[in-house]
Every structure is written in structure tokens, then in C-alpha cells.
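Inspection log for the structure reproduced underneath, given as C-alpha cells.
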Amino acid sequence: MKRTIFTLILVILLVQGIFAQKTLTNDERMAWWRDARFGMFIHWGVYSLPAGTWDGHQIGNIGEWIMNRGKIPVADYRAMAKNFNPVKYDPDSWVKMAKDAGMKYIVITSKHHDGFALFDTKASDWNIVDATAYGKDLLKPLAEACRKYGIKLGFYYSQAQDWVNPGGTVIRRLTKEGWANPDSVIIDAYTKEHNGHWDPAQERRTFDKYINDVAVPQVKELLTNYGDIAVLWWDTPSGMTDDAATKLQSLLALQPGIITNDRLKRPNFPGDHKTPEQRIPNLADLDGTDWETCMTMNGTWGYKSYDHNWKSSQTLIRNLIDIASKGGNFLLNVGPTAEGEFPTESVEILAKMGEWMKVNGEAVYGTKASPWGLFPWGRCTRKETKNGTTLYFSVFEWPSDGKLIIPSFKNSVVSAKIITNGTKVKTSLSKDGNLTVTLPATAPDQVATVVRIDVKGKVPDKISK
Ligand code: FHN
């Protein structure tokens, strides 16, 4: 009898243990994201087919806004989408490129402002399966590839703006912000009267109904049908209501570990992190909240055939280091073509970033912000170790006299070396607390040479220079 009771208790405990859902603390939930530091943004949709040109007119500004900027009628835009057929789409190679670049997560536009769903959805026929020549869910194989390579997957979802599914909001843009449309006076007068909408088809449903019929079921699908989803990246909360935001937010319970940004509805749905766009914040802007800079490699998020304004890999590598030194993440965008390929320039940039990260990644992953703020010659990141601290000094401007000076240095140095080639370097600490690092005559890495200095004890979060 005793034995039966004991077995019963054991079984109950085991079952409880298996099914007990451990609630994560915020720090536990954010841990992987803070360690990751570097992710890939992907803006992909049917807009990559016109690629910035409509009816012979080059439409101003970013590629994914072509429908709004060009005031393209819903029926015409939908007709164009029938030709979207990304036969060269190879999610395995996309994810591998992200991984080889040193990125730890991917956030892809599951639905951008044109309302087009890259996934199979029952909530609207405006999706890859029902509305295009391709006819297959694009996100399923991406999710599989992410699992294969150990890359976290996140979904961008435009929750309020939707220019095709009726009832979505529109941020009003004047016609001249697209092209010199001869009907601009009439169109601009219409959009003024109709909350930015330019086609009556866009208003055949209320916003509340749009949220209930499209946004809520689609977010549910995204959080149910694709395995573990690490991030939900809301965008342009224009026109959002508390009611709509609450409904969408409650769906996040479907993925208990999920991380979200601050764009669901402002200011009362702050999410987990801020989202500076196309800029890296100054130290004075930072208030301790997690943040992620998102940035394009050229001037557009969605593919635009004639945007050749590419940033150099040096700029982007230094951006990543700068961001890490301030305690943020870098979400760097790729805008694939309509055929499903990354632009050649993006592939090259990713490869160069990967080369640097392969050697110097330890100066980025899992690091904390610089205690010294910025140096005129470079940046610093740090990691606390069991017995001390590892400091990484990324040198952008190599000192002409070969002496790197780090002021207000309080800890004793255990070892110092250049991680590019393993060369040991000499250090000496002056009475007034300046650490001088003696470097070789030329920089082993012109982009950023990392000097790693291991010291005893903790280094405070902030040191005044
Ligand atoms: O309007 C969008 C834009 O197309 C792009 O998606 C960026 C990415 O952060 N977000 C919006 C503008 O803030």
C-alpha cells in the first residue's frame, strides 16, 4: 500500500515537473537577444517586382512604399502581384548567409504596409498562396532553415497600416512625394478627406473590423504555425487604438519567450526595446532601456533596382562595434529581389562582415557597454569573467606614435594582445592612471583592430575620463 502511494506521488511530481511552465523573468527572456547583438532584417514582398518603377515613372523614396507614394489603385497593385514568382528563393542560403555574417537572428516582413502576407493565411486572400504565381508559403521553409542553422526567427508585422485589406490605416503622403502625377490636385484633395486612403476599396471595412478579421487571426497564425518565434516586430502604430493593441498583445502568450519592440501603440505599449531607425543613438539619449538600431545597407528597405547608394562594409562593421559599445543591437536590412535573391552588394557586405566577426566576434557577442563611453580613436566593450574583466578596444584610427592611451585605468592588467593575429602587446600604467598600450607600427586590420586586455577585478559600468 505504502509503495503504491509512494509511486503515485512520484508520478504526480514527475507529471507536474514536465508540464510546469516556468515563467521567465524579463532578464531571462532578453538574455539571448542581449548576447546576440547582431541580426538580419529582411524586407521582402510584391513591391520588389516593380522595384521602384511604376508605369515608367521612378517613384520617390523607399521601395516598399511604392503603392502609397505612387497612389497605385488596389486592383492594379493586386494584378501586378500575380507575376510575383520568386523561383530562385533559397531560404537555406539566406539563413546561411546571415549565420556566416555573424548574425544570430532574422526578422522578416511577414506583412508590410501593402498588406501582402508572405504566408498562407485564412484571414485574407491577399497572400503568397492565393494571389501570386508562386503559390507557396514563403515563411515555412525559412523557419525550417532557421531551425537547421540555429538562428532565431522573428516576424515583422504591420499591424495598423494596410493599403490593400480594407479597413487598414494609411499614413498620408502627398502625390508629389511619389512622382509628378498630373492628377495630383484631385488625388491630394481625396486623400485629405479620406484619412490618407486614395482608393474607395481601402475603406470598405472599419478599422475595428480589420483588426478582428485580419490582424488578430494573422498574428495568431504567425505565432502558431511556424514553431518558435523569437521576435514580433510591430511597425507604424498610426491609427492604433488601445483596444486593438490589447487584442494583439494578448496573442503574444502563444510564444511565452517572445520579444517585442515599442511600435505596437505609443506610448502605453512600450514592449521590450526601443527602435532607433537609420541612426545610432548618442550616449546621452540612452536611458537603460534595451534598444536596437535598424538600418539599410543602401537607401531602401524593399528592393529598388536603381538604388546604388551602398554603405561600405567598413562603415557597417564600425556601426556594429559602435552599437555594441553603447549596449545596443544592430538589425541590418537586406531587400531581396522579386526572384528571391539577395542583391550582389548585400552578399558582398555580409561576407566582409562575416570575415571580421569570425576573428573578432568575441568583442561583440555577450558584451556590455563601454565604461569609458567613446574614444576619439575607437570603441570599447567588456565582459565580466569569473576572476576579472575582459576589455575589448576596437581601434578605428591607428595612433601615429604607436601609443594607445586609456585614461582613468583602475585595474591591474593580466594580459594584453591583438586578437586579429594573437600578437602580445606591452602596457604600462602611469601614476596618474593612464594606461599606455604599445602597438605595432601599422594596423593589422584597417577596419578595426581589436586589442583585448584582461584585467583583475570588476570594471565599473561608468568611468569618468
Ligand atoms: O514605413 C516603414 C518602413 O517601410 C520600414 O519598414 C521601416 C523599418 O523600420 N519602418 C517603417 C518606418 O518607420
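The values are calculated or read from the model by the stated rules, or taken from the named source; none is laboratory data. The structure displayed is predicted, hence computed values, not measured ones. All Cβ positions, glycine included, derive from the backbone under ideal geometry; neighbour counts span all protein chains shown. Remember, those area values only see protein heavy atoms, side chains included, never the ligands or the DNA or RNA. Shrake-Rupley method; radii C 1.70, N 1.55, O 1.52, S 1.80 Å.
What to note about this one:
- Evaluation of Asn298 against the conditions (1) closer than 18 Å to Arg29 by Cβ; (2) open to solvent by less than 20 Å² (accessible area, probe 1.4 Å); (3) part of a loop (DSSP other than H, G, I, E, B) shows that the sole unmet condition is (1).
- Single condition Gln249 does not satisfy, out of (1) open to solvent by less than 60 Å² (accessible area, probe 1.4 Å); (2) within 25 Å of Lys152 (Cβ to Cβ); (3) in contact with a strand residue (DSSP E or B) (Cβ under 8 Å, 6 or more places away or on another chain); (4) part of a helix (DSSP H, G or I): (1)
- Of the residues Thr241, Thr224, the single one that is among the hydroxyl-bearing types (Ser, Thr, Tyr) and either open to solvent by 60 Å² or more (accessible area, probe 1.4 Å) or in contact with a strand residue (DSSP E or B) (Cβ under 6 Å, 6 or more places away or on another chain) (or both) is Thr224.
- Options Thr275, Thr289; residue that is closer than 14 Å to Gly39 by Cα and either surrounded by fewer than 16 Cβ atoms within 10 Å (Cβ to Cβ) or within 14 Å of the chain's Cα centre (by Cα) (or both): Thr275
- Residue that is nearest to Thr367 (Cα to Cα) [pool: residues in region 38-61 that are of a type in the set (Phe, Trp, Tyr) and buried (at least 22 other Cβ atoms within 10 Å of the Cβ)]: Phe38
- As a summary of the residue check, Gly17 satisfies the conditions (1) away from the ligand (no atom under 16 Å from the Cβ); (2) modelled with pLDDT of 95 or more; (3) open to solvent by less than 70 Å² (accessible area, probe 1.4 Å); (4) farther than 30 Å from Thr293 by Cβ except for the one numbered (2).
- Taken together, the criteria exclude Asp322 from residues that are more than 30 Å from Tyr226 (Cα to Cα) and within 16 Å of the ligand (Cβ to nearest atom).
- If you go through region 119-152 and keep only what is open to solvent by 10 Å² or more (accessible area, probe 1.4 Å), touching a helix residue (DSSP H, G or I) at 6+ places or on another chain (Cβ under 7 Å) and either within 19 Å of Tyr47 (Cα to Cα) or of a type in the set (A, V, I, L, M) (or both), you end up with Asp120, Ala123, Ser124, Asp125, Ala131, Thr132, Tyr134, Gly135, Lys136, Asp137, Ile151.
- Annotation: of all residues in region 258-303 being of a type in the set (Lys, Arg) and touching an Asp or Glu at 6+ places or on another chain (Cβ under 9 Å), the one that is nearest to the ligand (Cβ to nearest atom) is Arg263.
- Residue in region 304-313 that is touching a strand residue (DSSP E or B) at 6+ places or on another chain (Cβ under 9 Å) and buried (at least 18 other Cβ atoms within 10 Å of the Cβ) present: yes
- Residue match in region 338-360 (condition: within 30 Å of Asp137 (Cα to Cα), touching a residue at least 60 places away in the same chain (Cβ under 8 Å), touching an Asp or Glu at 6+ places or on another chain (Cβ under 6 Å) and part of a strand (DSSP E or B)): no
- Residue count for region 390-399 under the criterion of being open to solvent by 20 Å² or more (accessible area, probe 1.4 Å) and either of a type in the set (A, V, I, L, M) or assigned to a strand (DSSP E or B) (or both): the result is 0.
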